[in-house]
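Worksheet for the structure shown next.
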Amino acid sequence: MNQATVRVPFVDLNLQHQPIQKQLEAAINGVLSKGDFILGKAVADFEAAFAAASGTAYGVGVASGTDAIALGLQACNIGIGDEVILPANTFVATLIGVLKVGAKPILVDCDPHTALIDLEAAAKVVTAKTKAIIPVHLYGQMVSPKQLLDFATSHNLFIFEDAAQAHLAEREGYKAGSVGIAAAFSFYPSKNLGAFGDGGMLLTKNLEISQKMARLRNYGSSQKYVHEEPGTNSRLDTLQAAILLAKLPYLAQWNSDRLTIARQYDTELASLTSAGIIPMQNHSDTGHVYHLYVMKVDESCRLQRQQIQEKLLAAGIQTGIHYPIPCHLQPAYTYLGYQQGDFPQAEKLAGQILSLPMYPGLTSSQVTAVVSEIAANL
Ligand SMILES: *Cc1c(COP(=O)(O)O)cnc(C)c1O
């Protein structure tokens, strides 16, 4: 690729893993020596530890965050004939989960300042068939639990959290994964808590839902060769669970490192507001776990988002866009009948957002280098 040497990568997982390599090797070797590769001890241990850390009761590990959503909705008895509200500006897996259970996805727009789901817009699309809302705690910031609970109570529907980007996030005294009937997490390697491959988990306070979820991921069976319901094979590997269990004690510190980095970006980018560089808003000083640090390149900016991205890349700074195409405009889902213009805020954001490098271990001078490079081009 024709680019400068990478000075600031978008993510660097080595920085996270090298300091704890011994613990990781011990975890891997432990599974090797036991040989309990499928639903072994580390799975149950990690499920319990992650549920407890997230302020809820039960965890059920599955093969991916996408499966945590799809099987989780099924475990909550959401399916054919039900409508499920979700934001248009989410990673496509949220939509995939809803479609997989045969429910009808009802997309809504977002708040342009936070990119979180617009609950006023959501209120307008509730019908007698609406069974649930999926708030996506996008970029690591929770949708207001108070507002969500008010919304769910007044419309008599379930909250199913997509917390794939929000491990241990907090807001208004709630932790991500503890607000609704159930919550889906992803352990994709670059998530705040990442495996060495794919992984996911459903968290819930409801014992029956957790038991159903445990059957669904294991061929619909709780007793060998007896299949109580139509399930599938979607288990979290013991090896991945052991790695995640070894990493979990460091997660709070990693999240706090992300927050420190985000505050530095906020401070340094503040002087560029008048030039059209606008960081996404956070709800308060704490609780946001900054899976991503996202800023907007406003229409008032002299340069377009793509130009800024190219200038940064030429200077060895990698960036990302999360996400460039809202769900309703994805080619696979035109059959849902949505059109350009249906969700103006989500569409506008898709054209303006830019995710800056963000990971534990990113140094303060690297952050300054990123901001200086943006500033130098404006
Ligand atoms: C990563 C992610 C998912 C999907 O998780 P996978 O483990 O990649 O299947 C779902 N929703 C959101 C918001 C995500 O960021």
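The values are calculated or read from the model by the stated rules, or taken from the named source; none is laboratory data. None of the values given here were measured: they were computed from a predicted structure. Backbone-built Cβ (ideal geometry, glycine too); neighbour counts: all protein chains shown. In case anyone asks, the SASA skips ligands and DNA or RNA and just uses the protein heavy atoms, side chains included. Shrake-Rupley method; radii C 1.70, N 1.55, O 1.52, S 1.80 Å.
Filtering the stretch 55-84 down to residues that are within 16 Å of the ligand (Cβ to nearest atom) and not hydrophobic (A, V, I, L, M, F, W, C), which residue is farthest from residue 195 (Cα to Cα)? Break it down into steps so the answer makes sense when it comes.
Filtering the stretch 55-84 for residues within 16 Å of the ligand (Cβ to nearest atom) gives 59-74, 84.
Checking the rest, the ones that are also not hydrophobic (A, V, I, L, M, F, W, C) come to 59, 61, 64-67, 72, 74.
Numbers: 59: 16, 61: 12, 64: 10, 65: 12, 66: 15, 67: 15, 72: 20, 74: 25 Å.
Checked the stretch 55-84; the qualifying residue farthest from residue 195 (Cα to Cα) is 74.
Looking only at the stretch 139-192, which residues are hydrophobic (A, V, I, L, M, F, W, C) and open to solvent by 30 Å² or more (accessible area, probe 1.4 Å)? Outline the logic, then answer.
If we filter the stretch 139-192 for residues that are hydrophobic (A, V, I, L, M, F, W, C), which is where we start, we get 142-143, 148-149, 151-152, 157-160, 163-164, 166, 168-169, 176, 179, 181-185, 187.
The answer is 149, 158, 168, 181.
Going through the stretch 297-353 one residue at a time, which ones are touching a Pro at 6+ places or on another chain (Cβ under 6 Å), over 26 Å from residue 6 (Cα atoms) and small (Gly, Ala, Ser)?
Passing the criteria: only 346.
Confirm whether residue 192 is over 23 Å from residue 284 (Cα atoms), modelled with pLDDT of 95 or more and of a type in the set (S, T, N, Q). Walk me through how you get there before you give the answer.
On the way: over 23 Å from residue 284 (Cα atoms): no; modelled with pLDDT of 95 or more: yes; of a type in the set (S, T, N, Q): yes.
No; evaluated as a whole, the condition is false for this residue.
Look at residue 244 and say whether it is closer than 25 Å to residue 50 by Cα, buried (at least 22 other Cβ atoms within 10 Å of the Cβ) and aliphatic (A, V, I, L, M). Even if it seems obvious, please write down each step before you answer.
Values: closer than 25 Å to residue 50 by Cα: yes; buried (at least 22 other Cβ atoms within 10 Å of the Cβ): yes; aliphatic (A, V, I, L, M): yes.
Here the answer is yes, as residue 244 does meet what is asked.
Residue 230 fails exactly one of the following numbered conditions: (1) part of a loop (DSSP other than H, G, I, E, B); (2) in contact with a His (Cβ under 7 Å, 6 or more places away or on another chain). What is the number of that condition?
Among (1) part of a loop (DSSP other than H, G, I, E, B); (2) in contact with a His (Cβ under 7 Å, 6 or more places away or on another chain), residue 230 violates only (2).
Here's the yes/no breakdown for (1) of a type in the set (Gly, Ala, Ser); (2) crowded, with 20+ Cβ neighbours inside 10 Å; (3) within 16 Å of the ligand (Cβ to nearest atom):
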position	(1), (2), (3)
194	yes, yes, yes
201	no, yes, yes
206	no, no, no
214	yes, yes, no
224	no, no, no
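Take the residues in the stretch 55-93 that are touching a helix residue (DSSP H, G or I) at 6+ places or on another chain (Cβ under 6 Å) and assigned to a strand (DSSP E or B), then tell me which one is surrounded by the fewest Cβ atoms within 10 Å (Cβ to Cβ).
Among those that are touching a helix residue (DSSP H, G or I) at 6+ places or on another chain (Cβ under 6 Å) and assigned to a strand (DSSP E or B), it is 58.
Applying the selection to the stretch 257-309, what residues are of a type in the set (Val, Ile, Thr) and more than 16 Å from residue 366 (Cα to Cα)?
We begin by selecting, within the stretch 257-309, every residue of a type in the set (Val, Ile, Thr); these are 260-261, 267, 273, 277-278, 286, 289, 294, 297, 308.
The answer is 273, 277, 278, 286, 289, 294, 297, 308.
If a residue has to be without any contact (Cβ under 8 Å) to a residue 24 or more places away in the chain and open to solvent by 60 Å² or more (accessible area, probe 1.4 Å) to count, how many in the stretch 250-269 make the cut?
Let us first name the residues in the stretch 250-269 that are without any contact (Cβ under 8 Å) to a residue 24 or more places away in the chain, namely 256, 260, 263, 266-267.
Those left that are additionally open to solvent by 60 Å² or more (accessible area, probe 1.4 Å): 260, 263, 267.
Counting residues in the stretch 250-269 that are without any contact (Cβ under 8 Å) to a residue 24 or more places away in the chain and open to solvent by 60 Å² or more (accessible area, probe 1.4 Å) gives 3.
Pairs, please: C-beta under 7 Å, at least 6 apart or cross-chain, first residue in a helix (DSSP H, G or I) and in the stretch 334-360, second acidic (Asp, Glu)?
Short answer, once both residue conditions are applied: 344/109; 345/109; 346/109; 352/298.
This table checks each residue for (1) of a type outside the set (A, V, I, L, M, F, W, C); (2) buried (at least 17 other Cβ atoms within 10 Å of the Cβ).
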position: 235; (1), (2): yes, yes
position: 277; (1), (2): no, yes
position: 302; (1), (2): yes, no
position: 312; (1), (2): no, yes
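Find the residue count for the stretch 149-190, including only residues that are within 15 Å of the ligand (Cβ to nearest atom), outside any loop (DSSP other than H, G, I, E, B) and among the small types (Gly, Ala, Ser).
4
Could you identify the single residue in 106, 96 that is in a helix (DSSP H, G or I), of a type in the set (Val, Ile, Thr), under 20 Å from residue 330 (Cα atoms) and open to solvent by 10 Å² or more (accessible area, probe 1.4 Å)? Break it down into steps so the answer makes sense when it comes.
Details: 106 fails: in a helix (DSSP H, G or I).
Within the list 106, 96, the selection yields 96.
Just the residues that are over 24 Å from residue 261 (Cβ atoms), open to solvent by 30 Å² or more (accessible area, probe 1.4 Å) and of a type in the set (A, V, I, L, M, F, W, C), please, taken from the stretch 10-43.
Filtering the stretch 10-43 down to residues over 24 Å from residue 261 (Cβ atoms) leaves 22, 25-43.
Now narrow it down to the ones that are open to solvent by 30 Å² or more (accessible area, probe 1.4 Å): 22, 25-26, 28-29, 32-39, 41.
The answer is 26, 28, 32, 37, 38, 39.
Can you name the number of the only condition in (1) in contact with a helix residue (DSSP H, G or I) (Cβ under 9 Å, 6 or more places away or on another chain); (2) loosely packed, with under 14 Cβ neighbours inside 10 Å; (3) over 25 Å from residue 263 (Cα atoms) that residue 331 fails?
The one condition residue 331 does not meet is (1).
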